[in-house]
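Asks: Got a structure here, written out as structure tokens. Questions coming.
Derivation of every value follows stated rules applied to the coordinates shown; laboratory data play no part. Note that the coordinates shown come from a computational prediction; the quantities given were computed from them, not determined experimentally. Every residue, glycine among them, receives a Cβ derived from its backbone with ideal geometry; neighbour counts consider all protein chains shown.
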Amino acid sequence: MADTPSPPDTDAAIAHVLAHGYYIMEDAFDADFCDDILAEIHDLEARDAPLSLRNDFHGHRTARYFDLLNHGEVWQRIPVHPAILPVVRGVLGDDCLLNTYGTAIIGPGEKAQQIHVDDGPFISAHNSALRNRPRLVAGGPRSPIVINTMIALTDFTEETGATRYVPDSPRLPYPREEDADKWMAESKAAVMSKGSIFFFEGQCFHSGGANTTTNERRYGVTVDYCAGYLRTQENFLLTLPHDRVSQFDRELRKLVGLWLSEGGLGHVYQHHPEGIMSAVAMKSVRASDVTGAGRTKAPEP
């Protein structure tokens, strides 16, 4: 069974993301692969795996599961998928990292999320240099430091909460909170069929859409990447035990940080991490150490 039905148009995707901030790659995953992922999600639900980020911004009717790489093998295939990783590296360069990775399952009655950008954690006031980094060309976007992907495991429609986005928004100043309604009014829905991928660069104004149905869930997976010199949002090196990482292929090990960057970042005692990983990596992760809120419990006194 192939994970992708036909070779993706990688060059077109890279060019469109760099020029306009987004790209929809139709039918990148075949239906069987989507169903394998859905089965893993249903297994997480059946086992009552901890949900994260239930709040006003991320939604109260949106199911977000993280720590996916510690679950079924199918999760290892998605970040390195041939429809995704070449596009990511074409935008960020070969030296990039997996930034955060989770589900985005929008339930009936969920409100639209506030318009935002995904390189936001890297451009706060104390990181003004990144916020004011140079633009690639006059009037164009700034150099990319983040690219996210939304994988449609079911059809994405306006009614079920297809991701909203503002075309060409990376050319604009970063959005202000008080302008969120304005940008929502100018946004479009990333309507796409099951198996398609919505690529959106970190400067692209976007949000989760409102699910106005009474009985349909919008099943999606987000795989977010950042430049290799940045600190990742998810600390994969502390959540992945050695016996799990040893099963990963070379490209996935590189993406979670078990590799030297082009500039020598990520060494262990001045050595390449690959050779001594078994001596320093975590030995196990216990599900009992994680609360329903997705936070690690404090140690017992």
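Asks: Considering only DSSP states other than H, G, I, E and B, which trypsin sites (Lys or Arg not before Pro) in region 138-221 qualify as loop sites with at most 12 other Cβ atoms within 10 Å?
Replies: Answer by residue number: Arg176.
Asks: Sorted from fewest to most neighbouring beta carbons within 10 Å, what does the list Glu26, Glu177, Glu110, Glu216 look like?
Replies: Fewest-to-most ranking of Glu26, Glu177, Glu110, Glu216: Glu177, Glu26, Glu216, Glu110.
Asks: If each Cα of region 157-200 is one equal point scatterer, what is log10 of I(q)/I(0) from the Debye formula at q = 0.15, 0.24, 0.27, 0.28 Å⁻¹?
Replies: Each listed q corresponds, in turn, to -0.44, -0.92, -1.05, -1.09.
Asks: How big is the shadow of the Cα convex hull of the chain, averaged over all directions, in nm²?
Replies: About 16.9 nm², averaged over all directions.
Asks: Would you mind telling me which residue in Val146, Val221, Val268 has the biggest mean-square fluctuation in a Gaussian network model of the chain, where springs connect alpha carbons within a distance under 10 angstrom?
Replies: Fluctuation is largest for Val268.
Asks: Could you size up the charge dipole of region 10-234 around its Cα centre, putting +1 on the beta carbon of Lys and Arg and -1 on that of Asp and Glu, and report it in debye to the nearest 20?
Replies: It works out to roughly 840 debye.
Asks: Taking region 28-86, which GluC sites (Glu not before Pro) meet the DSSP loop condition and have no more than 11 other C-beta atoms within 10 Å?
Replies: Glu73
Asks: Let me ask something else. Evaluate Rg over Rh across region 1-115, taking Cα atoms for both radii and Kirkwood's formula for Rh.
Replies: 0.98
Asks: Between region 183-261 and region 71-88, how many Å separate their Cα centres?
Replies: Their Cα centres are 10 Å away from one another.
Asks: Under 8 Å for C-alpha pairs, at least 6 residues apart: give me the relative contact order for region 129-285, rounded to a whole percent.
Replies: Relative CO of region 129-285 lands at 26 percent.
Asks: Say a paramagnetic label sat at a point 7 Å from the Cα of Asp11, along Cα to Cβ; which residues of region 58-86 have their backbone N under 20 Å from it?
Replies: Only 82-86 pass the distance filter.
Asks: Could you give the length gained on full extension between Gln247 and Asn235, defined as 0.36 nm per residue of separation minus the Cα-Cα distance, in nm?
Replies: Using 0.36 nm per residue and subtracting the Cα-Cα distance, I get 2.5 nm.
Asks: Could you count how many Lys pairs in the chain have their Cα atoms under 26 Å apart, skipping same-chain pairs fewer than 8 positions apart?
Replies: Values: Lys111/Lys182; Lys111/Lys188; Lys111/Lys194; Lys254/Lys283; Lys283/Lys297.
Taking the Cα cut-off of 26 Å, the pair count is 5.
Asks: Pick out, in residue order, every one of the trypsin sites (Lys or Arg not before Pro) in region 1-79 that is DSSP loop and has at most 12 other C-beta atoms within 10 Å; say none if there are none.
Replies: Numbers: sites: Arg47, Arg54, Arg61, Arg64, Arg77; in loops: Arg47, Arg54, Arg61, Arg64.
Listed in order of number, the matching sites are Arg47.
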